[in-house]
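Below is one structure, written out as structure tokens, with a few remarks after it.
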Amino acid sequence: MKKIILTVAVLTSLASCMPKEKSIKIDDFSQKLTVNSQVIPGDIMLVALTRSFSLLDNRYSKSADSTKISEDLMKELLVEDALVTISYQDKVDTLVMLSPGLYAGIQIPQNANELYTLNVNDNKKNMHVVAQSTMLEKVELKTVNCYMKGDTLKVDYTFDDPAQRNNYMLNVYYNPNGSGIGSANPSNWDVSNFLTQGNTYASYATLSDQNFESSSVHGTMNIPDFDDANISDTLIVSLSNISEDYYNYLSLRTKAGKNVLTQVFGEPINYPSNVQGGLGFFLTHSPDPKLFIMNK
Amino acid sequence: MKNSISTLLFFYFFSVMMSAQTFTINGNVYDDESHEAIIYASVFVQGTQYGTTTNKYGYFSITSPTIDTCTITLSYMGYATQSILVNKQAEFTPLKIYLKKEQLQLKQVEIKRKRSKLEELHNSTQMGTINLPMKDIKNIPLIAGETDILKVAQLLPGIQGGGEGQSRMFVRGGDADQNLIILDEAVVYNVSHLFGFFSVFNSDAIKDVTIVKGPFAGNYGGRLSSVMDIRMNDGNMKKFSGAGGVGLLSSRLTLQGPVWKNKASFMVAGRRSYIDQLFKLTATPLPYYFYDFNAKFNILLSKKDRLYFSAYLGDDILKVKEGKDGFDLGFGFVLGNFTNSLRWNRIVNEKVFVNTSIINTNFSYKINGKYEDNNLLISSKVNDYGMKTDWDYNHSYRLKMKFGGQAIQHIFNPNVISTKGEISNLLANSKPKVLYALEYAAYAHADYKINDRIDIAPALRLSGAYVTNKNYLILEPRLGVKYTLTKHDNIKAGYSRMGQYMHLVSSSTVALPTDLWYPVTENMKPQIADQLALGYSHIFPKINTSITLEGYYKWMQNVTEYREGANLILNNHFEKELLQGKGDAYGMEFLVKRDEGKLSGWLGYTLSWSTRQFPELNGGNVFPAKYDRRHNLSIVANYKFTERFSVCAVWVYMSGSRFTPQVGAYAMMNSSMTGIDLIPVYTTRNKVSMSPTNRLDINFIFKSKPTKKFRGEWHVGAYNVYNSNTPYTVHLVTNESGNSYSQRGLFGFIPSVAYNFEF
């Protein structure tokens, strides 16, 4: 009896068909300007400008293993010859284009609690965006201690949380190549330039002072599956006091990456932006990097 | 105000005066063959318009306008009509009436036209109610030939399924958790097996299914959008009998018979899938199966007392053993329900019938994983202990009342996590606080016949839930009005408010083992829905056909959603991820239904809209609900060529479900400024509809001779005969000639063979 049922079941499954795929026209994309920015300690503000692109552009391709954007498309997405200004107090500074898509303001004072307004006019595509950001008070790490426990890198940190509501981003960097930050000879580099030295990023964490028990913060960041053979003897741990909008954006990025079921079955995430009429973030936070030499 | 009170008093004293000149007959109606109680049998006082129907326990109470004697006529589709002369002396003694099945009736018995269930529903003030005949359900073709009452319900107007083949229902623009599904009074939390593809209800064990979409009568409550009342067979009081079936995915067997002839009977039914056995033949074994077990016992304690005990047990089980079948990972889950209810029917007197139930429901899941020295066990559990009592009071021909109350203690143990080994560094052991919620309700409902044209059914229900630091109370007024235009036409209108104190926590559109029921708390408020409906109904008694047209508008408060990217699994603080907002749903439903005859079935059409609004989602703007399908048309036709050969065909057309496609992307520096992330750009939430779809399913039924002791029937059919695509997902197709979007369907043409039998 069991054999008969199984035979019939197998035969019917063999006779079954998968339905043919059906095409659908979805034409709901409008191109927007995208803003990225970074404050370099000193008086420099970098703004990267690109444009979003439609998935129907055949210079974009995606497979299970890789996502490819053709050089041609990349070039087209970089915003050239835009009029980019940053205004603060009563001053307006025009940024210079360093390379296609990258603009710099080289003498913009970095004052805590100052409101900065970014204006971008992309005349080529007739697009205009505005974004505002307040430079939050720099919060410095008091102590940092890194050590391995099993294959988990543990980063202990302490800092003082100022009175107002704050959100933080904690970044950890290392360099597997033995040069620049993390090299055996840390005296060769300048900690303030760590962003430009091609270092490898290990992990980040976002913190909200709503979860702190006191203004004197001490915590541990765990970076699992960390192969300490990758590092020579030094790490950079950087703390930034970030805006709530950016904190929410980063939290969503973390959630989306972690939750496989949400990725498969859940509703998609439309990420927030502080750019009016555009995408991305105009950021004015100032990181406080600290060097740590590991005892291997 | 004074006038209203005077009118009410007038009606009351008029009713009392009327009742003084009448007498009341009460009793139970049974199937002559099995002594199963017959639900919705029609009872009429001959020569008058005085009539009623039997309730869910086969009991009736009817008032005769005559002084001494009267003849009552009892009828039910498929049974011979029976007339009984009753005199007033028998007033206080409950009658026992046994109806004979038509094919067995003696030729000399006069066949009179019977009032069908369709007529009863037509004549009732209750709107949005559909009764599903079990014999038809068994003929309807479904995936792999498995009978499934939840999927049949999805073919009715106003009820939509989720993804293709899913058992979850979305009624009148509501959500999947807004349907109260009760089996012999016990709530069934998990209604599906195999990730939602098969319902947990074994059709051989089911006697009757009634679905109410609202507006609701006073005795219904606890969910916003629908009540599905499922009754199990009581068990044959006269002789031992059985039924069963062998299908492609599962087999089932039901046995029933007397424990004490004409006094007590039992019914047991079991079903088990053999998906695990099928997959053994493939390169990828899948040690998964599900099973169901139903049992019922009932005993007549006296002429006026009857006791029922019902139980249901069902589990989904996956057990992958580490190191076996090529798996390095030991993994599994057990997910299931256990419900049991003890009910006591008591005929207090000729006018009052009481049912009192003690109910226990248990829903739990356990997920375990093992890899080398690492162990993980996640479990969640809901336990309900409840009691309810429902009183039917037949005051007079004009006034019938229902009143009652219930209390249910819910005990929740969500997300208990136990880990061993290195995994405990990542996932700590946790045993969240047990949550308690005491849900309670009391109601009074009246059906009052103002005159021959106007019937009204006002009701008031007070519901509430007591949770830590908070006591919620909702006053739920309801009103039904029927205006009889002609003997066969009427107009109905209704309003109801419903409160709901439980939410389904699920981040997915399909049923997952990790889906969790969660009570209202201090922060999570109860969901509330108000519904208005207006309808027209016409009945063609000669051809047993009814036509109904209903329009509805439903507005909902505190409906639940989840924050974008919410992680609800292994999250003991998932309440922070839950959001509450508003929902609106409106539409129009059209149904032509014929329950009897050579050609039976229905045509149902729904035109509907459903939207949601949450401050935290979609920029706070209104967006369409996931299953906001504009058009939905189902035709179910059952044609009996001969007594032994019939065919059942289903044709469905529906608009596509909503989704949020990725339409673009942009580059963002990562948080450390050391690399670039490609960030997706989506449309606004649920902006795009997938393509509409249509599908034909067919089933041929060949029966053996009905006079045989062992009767068998072959079901040969196919789901999706012309291999149509019902899209469930959209993906991007990239190639040099141009990128495009394409939709995938899940089930194409699937033939099926099943053998059912009874003896």
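The values are calculated or read from the model by the stated rules, or taken from the named source; none is laboratory data. The model shown is predicted, which means the values in this text are computed figures rather than measured ones. As a convention, Cβ positions derive from the backbone with ideal geometry for all residues, glycine included, and neighbour counts pool all protein chains shown. In case anyone asks, the SASA skips ligands and DNA or RNA and just uses the protein heavy atoms, side chains included. Shrake-Rupley method; radii C 1.70, N 1.55, O 1.52, S 1.80 Å.
Each row is one residue, and each column tells you yes or no for (1) modelled with pLDDT under 95; (2) out of contact with any strand residue (DSSP E or B) (no Cβ under 8 Å at 6 or more places or on another chain); (3) over 30 Å from A:Ser286 (Cα atoms).
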{"site": "B:Leu607", "(1), (2), (3)": "no, no, yes"}
{"site": "B:Gly619", "(1), (2), (3)": "yes, yes, no"}
{"site": "B:Ala625", "(1), (2), (3)": "yes, no, yes"}
{"site": "B:Arg644", "(1), (2), (3)": "yes, no, yes"}
{"site": "B:Tyr653", "(1), (2), (3)": "no, no, yes"}
{"site": "B:Gln662", "(1), (2), (3)": "yes, no, yes"}
{"site": "B:Ile676", "(1), (2), (3)": "yes, no, no"}
{"site": "B:Ser689", "(1), (2), (3)": "yes, no, yes"}
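Being without any contact (Cβ under 8 Å) to a residue 40 or more places away in the chain and more than 12 Å from chain A (Cβ to nearest Cβ) is a property that does not hold for B:Lys703. The requirement of being open to solvent by 10 Å² or more (accessible area, probe 1.4 Å) and within 13 Å of chain A (Cβ to nearest Cβ) is satisfied by B:Arg695. The strands (runs of 3 or more DSSP E) falling completely within the stretch B:662-707 that include 1 or more residues that are more than 30 Å from B:Gly247 (Cβ to Cβ) and not assigned by TED's automatic domain parsing to the domain that holds B:Ile750 map to B:662-669, B:676-682. When the stretch A:13-63 is filtered for residues that are closer than 23 Å to A:Asn121 by Cβ, assigned to a loop (DSSP other than H, G, I, E, B) and either within 7 Å of chain B (Cβ to nearest Cβ) or in contact with a Leu (Cβ under 7 Å, 6 or more places away or on another chain) (or both), the ones remaining, listed by number, are A:Phe29, A:Lys32, A:Ser52.
For the stretch B:721-746, the set of residues classified as part of a loop (DSSP other than H, G, I, E, B), surrounded by 15 or more Cβ atoms within 10 Å (Cβ to Cβ) and at the interface with chain A (Cβ under 7 Å from one of its Cβ atoms) consists of B:Asn723, B:Ser724, B:Asn725, B:Thr734, B:Asn739, listed by residue number. For the residues B:Tyr627, B:Tyr605, the requirement of being open to solvent by 10 Å² or more (accessible area, probe 1.4 Å) and either part of a strand (DSSP E or B) or under 21 Å from A:Ala256 (Cα atoms) (or both) singles out B:Tyr605. A single member of B:Leu475, B:Leu462, B:Leu479 is touching a Phe, Trp or Tyr at 6+ places or on another chain (Cβ under 7 Å), within 22 Å of B:Gly222 (Cα to Cα) and in a strand (DSSP E or B), and it is B:Leu479. Evaluate the following for B:Phe293: is it more than 14 Å from chain A (Cβ to nearest Cβ), among the aromatic types (Phe, Trp, Tyr) and open to solvent by 10 Å² or more (accessible area, probe 1.4 Å)? Criteria met by B:Phe293.
Of everything listed in (1) touching an Asp or Glu at 6+ places or on another chain (Cβ under 7 Å); (2) closer than 30 Å to B:Arg172 by Cβ, the single unmet condition for B:Leu633 is (1).
Looking only at the stretch B:145-157, decide whether some residue is in a strand (DSSP E or B) and within 22 Å of B:Leu249 (Cβ to Cβ). Looking through the stretch B:145-157, none of the residues is in a strand (DSSP E or B) and within 22 Å of B:Leu249 (Cβ to Cβ). Of all the residues in the stretch B:705-720, those that are closer than 23 Å to B:Thr254 by Cα and open to solvent by less than 30 Å² (accessible area, probe 1.4 Å) number 2. Applying the criterion of at least 2 residues that are out of contact with any helix residue (DSSP H, G or I) (no Cβ under 8 Å at 6 or more places or on another chain), at pLDDT 65 or above and farther than 27 Å from A:Ala112 by Cα to the strands (runs of 3 or more DSSP E) found wholly in the stretch A:153-243 leaves A:216-223. Using the structure shown, decide if B:Tyr682 is at pLDDT 90 or above, facing chain A (nearest Cβ under 9 Å) and open to solvent by 20 Å² or more (accessible area, probe 1.4 Å). Yes, satisfied.
For B:Tyr639, the conditions (1) closer than 24 Å to B:Glu713 by Cβ; (2) within 14 Å of chain A (Cβ to nearest Cβ); (3) surrounded by fewer than 20 Cβ atoms within 10 Å (Cβ to Cβ) are fulfilled apart from (2). When B:Asn413 is tested against (1) over 27 Å from B:Ala37 (Cβ atoms); (2) surrounded by fewer than 21 Cβ atoms within 10 Å (Cβ to Cβ); (3) touching a helix residue (DSSP H, G or I) at 6+ places or on another chain (Cβ under 9 Å), only condition (3) is not met. Of the candidates B:Lys576, B:Lys582, the single residue that is over 27 Å from B:His122 (Cβ atoms), part of a strand (DSSP E or B) and open to solvent by 50 Å² or more (accessible area, probe 1.4 Å) is B:Lys582. Might you let me know whether the stretch B:497-504 holds any residue that is among the small types (Gly, Ala, Ser) and surrounded by 22 or more Cβ atoms within 10 Å (Cβ to Cβ)? Yes, because at least one residue in the stretch B:497-504 is among the small types (Gly, Ala, Ser) and surrounded by 22 or more Cβ atoms within 10 Å (Cβ to Cβ). Scanning the stretch A:3-12 for residues that are more than 7 Å from every other protein chain (Cβ to nearest Cβ) and not hydroxyl-bearing (Ser, Thr, Tyr), we see that the one that is nearest to B:Gly738 (Cα to Cα) is A:Leu11.
Of the numbered criteria (1) modelled with pLDDT of 90 or more; (2) out of contact with any Ser or Thr (no Cβ under 8 Å at 6 or more places or on another chain); (3) of a type in the set (Lys, Arg); (4) loosely packed, with under 15 Cβ neighbours inside 10 Å, the one B:Lys402 fails is (4).
Scan the stretch B:272-301 residue by residue and report those that are of a type in the set (Ser, Thr, Tyr) and modelled with pLDDT of 85 or more. Scanning the stretch B:272-301 gives B:Ser273, B:Tyr274, B:Tyr288, B:Tyr289, B:Tyr291.
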